[in-house]
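Asks: Have a look at this one before I ask anything.
The values are calculated or read from the model by the stated rules, or taken from the named source; none is laboratory data. All values reported here derive from a predicted model rather than from experimental measurement. Note: ideal-geometry Cβ built from the backbone for every residue, glycine included; neighbour counts use all protein chains shown.
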Amino acid sequence: MVAAIPTAPVISQYVVSRLRESVFNSSDVNTTRRVCGEHGNLTADDRLDQEVQKHAASLNLYYSLVGSLSAIVINIFIGPLSDSIGRRFMFISPLLGILTKNVIITFIVYFKLDTNYFYLANLIDGLSGSYFAMLVAIFAYTADITVPGKPRTIAMAVMEGCLPVAASIGLLSTGFLIKSTGFFYPMVLFVTLGALDLVVVFFLLPETRVTKTLDRSPLKSLRKVFGFYFTEDTVQKRILYAIAMGIFFFSVVTVLGRSALETIYQLGKPFCWDSVKIGYFGALRTTSMVIFSVTVIKILHRCLQEEVIGIISCLSAIAGFLLQGVANTSLLMYLAPIAGVVSGATTPIARSIMSRLTSPSQQGALFASIAVVEAVCHSTSNLLYNAVYNATVDYYKGIVWFFMAGMALVDLLLLLIFRLMPRKGTGITLGLELVTKL
């Protein structure tokens, strides 16, 4: 994932750099100094840079939509396929797409090609399943080798945590590389790591699904992916699935559209950060969130139900977003991740709840449905947050973070509803009851 996740902030910084170069006639990748000045008082340049930020945010939105919309269609079919032909295929397909995307971006950077080629890179990535198919593979594989309940919740929290840790490593390394060498060598690093990922999966990863019965019907794939919510089992259980998916949606929608926009936000005033500071912040936010979220799940799982832990996580997320929205100094910006330090617990809890509701033979289809929703989250969050940011950046840049806090509040309300839903006849018990039995 080091080869996949950090490319979003790298692309954001590269697009801003190219736009600033055309506006301010500067070829220095650290053009923050030109925009902010020594005392941050260049009013005319401030207005120009706000336009640069708006344009960069819009371009990043369009690039991500091309990838995520194409990934939605692919993941509908690729997930159920893994239940039939095995999990390794689910790793190889997105890894090939990520590698190809990074190779194209490397050429764009090296030869200073038209930035419209980013559309091609994201389209190829999306048609391979993208990051979302990778998540299907990771969590279906985790479900294959764990038992339902506390062990699976913790395992999924750890796997969920590995993703931002990988992003942190990528952000830190690329921050220094961008500042010292430009954008080319970070992309070379991503290409190398992507190739190494393929070698590891192809030669070292054991298969966990040995059944080789291939179902070629597209309609059956659709039914497998969406049947949990519309046709399978009892109405009560379908409602539980739907609420759990809503919890997942609102926990993820505050994360996926955040990274690229956050980078643009921090490049401008009042922060005027360079790539190294952005890397430090990203590493601090993601690593602290992972460590504390996994720790909180492991400790509180002994005495609290999963839904209650999720509510605590939502409260932390709301506090973090509100603080980030009012931050006008670097110190306050760094305090925001501390307030939101356990905000990452809700997503693995939602995954675990849905996995616990599902039979072992349907885990691939379940995580395919989750991947489809995650791709929708990616598109939705980018559309919403970029629209809010572009509409409010001239008045108050922090409004977009208040909007994210509102999403976290909706997530909290859904967790309360799920907690109060009756479970009799659904085959699922409350988290505390299940933990007591283990």
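Asks: Consider Ile278 carefully, then state whether it is farther than 30 Å from Lys397 by Cβ, assigned to a helix (DSSP H, G or I) and either touching a Gly at 6+ places or on another chain (Cβ under 7 Å) or modelled with pLDDT of 90 or more (or both).
Replies: no
Asks: Let me ask something else. Could you pull out the residue among Leu163, Leu171 that is within 17 Å of Thr347 (Cβ to Cβ) and at pLDDT below 85?
Replies: Leu163
Asks: Quick one: count up the residues across region 381-414 that are surrounded by 18 or more Cβ atoms within 10 Å (Cβ to Cβ) and modelled with pLDDT under 85.
Replies: So the count comes out to 3.
Residue-by-condition table, conditions (1) outside any loop (DSSP other than H, G, I, E, B); (2) in contact with a helix residue (DSSP H, G or I) (Cβ under 6 Å, 6 or more places away or on another chain); (3) of a type outside the set (Gly, Ala, Ser):
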| residue | (1), (2), (3) |
| --- | --- |
| Thr295 | yes, no, yes |
| Leu322 | yes, yes, yes |
| Ile338 | yes, no, yes |
| Thr358 | no, yes, yes |
| Phe367 | yes, yes, yes |
| Ile370 | yes, no, yes |
| Val400 | yes, yes, yes |
| Phe403 | yes, yes, yes |
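Asks: Moving to a separate point now. Going through Ser173, Ser168 one at a time, which residue ends up being in a helix (DSSP H, G or I), out of contact with any helix residue (DSSP H, G or I) (no Cβ under 6 Å at 6 or more places or on another chain) and surrounded by 16 or more Cβ atoms within 10 Å (Cβ to Cβ)?
Replies: Answer to the check: Ser173.
Asks: Looking only at region 254-275, count every residue that is assigned to a helix (DSSP H, G or I) and acidic (Asp, Glu) and tell me the total.
Replies: So the answer is 1.
Asks: For residues in region 176-187 being closer than 12 Å to Thr106 by Cα and touching a Ser or Thr at 6+ places or on another chain (Cβ under 6 Å), which is surrounded by the fewest Cβ atoms within 10 Å (Cβ to Cβ)?
Replies: Among those that are closer than 12 Å to Thr106 by Cα and touching a Ser or Thr at 6+ places or on another chain (Cβ under 6 Å), it is Met187.
Asks: Only residues that are surrounded by 24 or more Cβ atoms within 10 Å (Cβ to Cβ) and out of contact with any Phe, Trp or Tyr (no Cβ under 8 Å at 6 or more places or on another chain): list them for region 100-112, please.
Replies: Within region 100-112, just Lys101 meets the criteria.
Asks: Go through Gly67, Gly97 for me and flag whichever is without any contact (Cβ under 8 Å) to a residue 60 or more places away in the chain, in a helix (DSSP H, G or I), touching a Ser or Thr at 6+ places or on another chain (Cβ under 6 Å) and closer than 19 Å to Ile11 by Cβ.
Replies: Among Gly67, Gly97, only Gly97 is without any contact (Cβ under 8 Å) to a residue 60 or more places away in the chain, in a helix (DSSP H, G or I), touching a Ser or Thr at 6+ places or on another chain (Cβ under 6 Å) and closer than 19 Å to Ile11 by Cβ.
Asks: Conditions first: (1) buried (at least 19 other Cβ atoms within 10 Å of the Cβ); (2) part of a helix (DSSP H, G or I). Tyr334 passes all but one, so which condition is the exception?
Replies: So Tyr334 meets the others, but not (1).
Asks: Continuing with the same structure: Quick one: would you say Ser68 is more than 30 Å from Ser361 (Cα to Cα), at pLDDT 75 or above and of a type outside the set (Phe, Trp, Tyr)?
Replies: Against the criterion (more than 30 Å from Ser361 (Cα to Cα), at pLDDT 75 or above and of a type outside the set (Phe, Trp, Tyr)), Ser68 does not qualify.
Asks: Would you call Leu163 under 30 Å from Cys303 (Cβ atoms) and under 18 Å from the mean Cα position of the chain (by Cα)?
Replies: yes
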